[in-house]
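Scroll down for the structure; my scribbles are underneath it.
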Amino acid sequence: MRSNPAGKPCWSTLGRILSSDAAVELAAWAASFEPSAEDLALARRALVDTVAVAVAGRFEPVVEIARSEDEATRWAAAAHALDYDDLHLPSTAHLSAVCVPAALSVGGGELAYLAGAGVMARLGTALGWDHYSRGWHATCTAGAPAAAVAAGIAIGLDADGLARAIALAVPAAGGLQRAFGTMAKPLQVGFAVSAGVRAARLAAAGATADLGAVDQWLALLGGDLARVDESPLAVPGGLAIKLYPCCYALQRPMAALASLEADPGAIRAIRVRTPAASLQPLNRHSPKTGLEGKFSLEYGLAAALLDRPPGFASFSDGCVSRPAARRLMELVEVEAAPGGEGLLDGLFEAEVVTGEGSRHLELKLPPGAPDRPPTAAELEAKLRDCCGNLSDEVSALGWREAPSFLRRSLA
C-alpha cells in the first residue's frame, strides 16, 4: 500500500486494487485517521445540526412509528424525517444523519463520526453519480458500511475488526429513491444505521466475513475507488447545510425565487431551465402531502413565492393543498437541459411572467453550499427554528452529553 508523506493510505492506490482489498484499505484509513482542526470544526457543526433537525422532527409521525425500534434506527429516522440534514455533494449522500446516530448510539464521539463520515464520503464518491441517477439512495448504499465504521471506532475495533464490520454491513447496503416523499425514506436511513451498528457489534464478538464481498459489491454497483479525492480531510468537498426543510435539489430553485418580489396572484407563467441532473430526486410532480412536497420542484417554487421565508409550515399537508399553491404549480414549465452529474451542476434559470412583464432569475450556488457556506446568523436562525427554547442547550451539547439529550427529547 502506497502512503502519503504523513503515512496515511493514499486513495489513488484504491482504484488499482479494487479487485482485492477495498475493505482492508478503507478500514486501515479509518483506524489510522487523525483529525485536523478543520475536521473537528466540521464534526462540531455536524453534531449540532443533526441533533437540531432530529429535535425538529421528533413529532413527525414516522418517528412515533419507529418508537419501538432500537436507538440507532430512531435517532437516524428523526434526523432525516424532515429532510433538513446536511449533504455531501460529491457522493450525494446524507453523511451526518447516518454517522452521528451511529456514533452516538454506542457512546462514540467526534473521531468515530469523522471516520465513519470519511468512509461514507469515499464509498459514495466511488459509487458515483451514475449510481444515484439510476435510482439508488446513496445515503443507504454507502451508509450501512459507514455506520459500521463509526460504531466500530466507538467500540474500539482495530483495522481487522473494522474490515470485517464493513463486510458484514454490505448485505444491508441498499435503498431506493422510489421511497422519496414517503416515510420509507427516513426509515431506510435508520435501517442502514442499525445494520452498521449491528455489524460492528458482531465483528467485536468475533464474527468472520469474506472481505472480498466488499469488492464484489462495489463491482456489481459499478463503483470505482479511483474516483476518490486524495484529500487528507475526513470529508473531501465539505458538507452542504440546508436552509429549507426539504430535498437538497430544491434549495437552489427556492433560493432563486425567494428573492423575487412579486404578487403571487399576478403570476401567469413560471418557465424553468436547469440541468437534468439537478432534477433527479424531484419525483413528485403533483404532491398531495407535505412529505411529497419536499420532493416536488413545482411545489417548492410555489412555496418560495407564497411563504417568506419558506419554513416548516410550508411543508405541511394543508399548505401543499392550498389553492394558491395548486394554481402556481400548474403554471410551472420545466426544460431539463441534457446531462449533468450533480445536484448543483450548471445554472438554475427561471422566467417569471406577470401582467407587467417578465423577470429572469438565475442562481449557481444556494446559501449553505460548501462554496457558499451559511453565515453565523443563518445557522443560528436554523437552530432556533428547529429547537425553540432548547436551542441554547443544543448549541452547547458535546458528544458525551448528546445521547442522553436525544433520549430525553425523543422519548
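The values are calculated or read from the model by the stated rules, or taken from the named source; none is laboratory data. Keep in mind it's a predicted model, so treat the numbers as computed, not measured. FYI the Cβ positions are ideal-geometry reconstructions off the backbone, even for glycines, and counts take in every protein chain you see.
Let me spell it out: the conditions are (1) in the same structural domain as residue 298 (by TED's automatic domain parsing); (2) assigned to a helix (DSSP H, G or I); (3) over 20 Å from residue 285 (Cβ atoms), and residue 394 meets all of them except one. Which number is the exception?
That leaves (1) as the condition not met.
Can you pull out the residues in the stretch 139-161 that are surrounded by fewer than 24 Cβ atoms within 10 Å (Cβ to Cβ) and among the small types (Gly, Ala, Ser)?
156, 159, 161
Picking from 361, 390, which residue would you name as being touching an Asp or Glu at 6+ places or on another chain (Cβ under 8 Å) and touching a residue at least 12 places away in the same chain (Cβ under 8 Å)?
On inspection, the qualifying residue turns out to be 361.
Among the residues of the stretch 249-270, what is the count of those that are modelled with pLDDT of 95 or more, part of a helix (DSSP H, G or I) and either among the aliphatic types (A, V, I, L, M) or in contact with a strand residue (DSSP E or B) (Cβ under 7 Å, 6 or more places away or on another chain) (or both)?
Of the residues in the stretch 249-270, 9 are modelled with pLDDT of 95 or more, part of a helix (DSSP H, G or I) and either among the aliphatic types (A, V, I, L, M) or in contact with a strand residue (DSSP E or B) (Cβ under 7 Å, 6 or more places away or on another chain) (or both).
Examine the stretch 44-55 for a residue that is in a helix (DSSP H, G or I), small (Gly, Ala, Ser) and either without any contact (Cβ under 8 Å) to a residue 60 or more places away in the chain or surrounded by fewer than 24 Cβ atoms within 10 Å (Cβ to Cβ) (or both), and state whether such a residue exists.
Looking for residues that are in a helix (DSSP H, G or I), small (Gly, Ala, Ser) and either without any contact (Cβ under 8 Å) to a residue 60 or more places away in the chain or surrounded by fewer than 24 Cβ atoms within 10 Å (Cβ to Cβ) (or both), one finds none in the stretch 44-55, hence no.
Please work out if residue 147 is hydrophobic (A, V, I, L, M, F, W, C) and closer than 15 Å to residue 199 by Cβ.
So residue 147 fits the description; yes.
Select from the stretch 159-189 the residues that are in contact with a Lys or Arg (Cβ under 7 Å, 6 or more places away or on another chain) and part of a helix (DSSP H, G or I) and list them in ascending order.
Answer for the stretch 159-189, where residues must be in contact with a Lys or Arg (Cβ under 7 Å, 6 or more places away or on another chain) and part of a helix (DSSP H, G or I): just 179.
What is the one condition in (1) out of contact with any strand residue (DSSP E or B) (no Cβ under 8 Å at 6 or more places or on another chain); (2) within 21 Å of residue 139 (Cβ to Cβ); (3) outside any helix (DSSP H, G or I); (4) not assigned by TED's automatic domain parsing to the domain that holds residue 310 that residue 213 does not satisfy?
(3)
Which ones in the stretch 106-116 are farther than 20 Å from residue 74 by Cβ and either buried (at least 24 other Cβ atoms within 10 Å of the Cβ) or of a type in the set (A, V, I, L, M) (or both)?
111, 114, 115
Based on this model, can you work out whether residue 290 counts as under 21 Å from the mean Cα position of the chain (by Cα), among the small types (Gly, Ala, Ser) and within 20 Å of residue 260 (Cβ to Cβ)?
no
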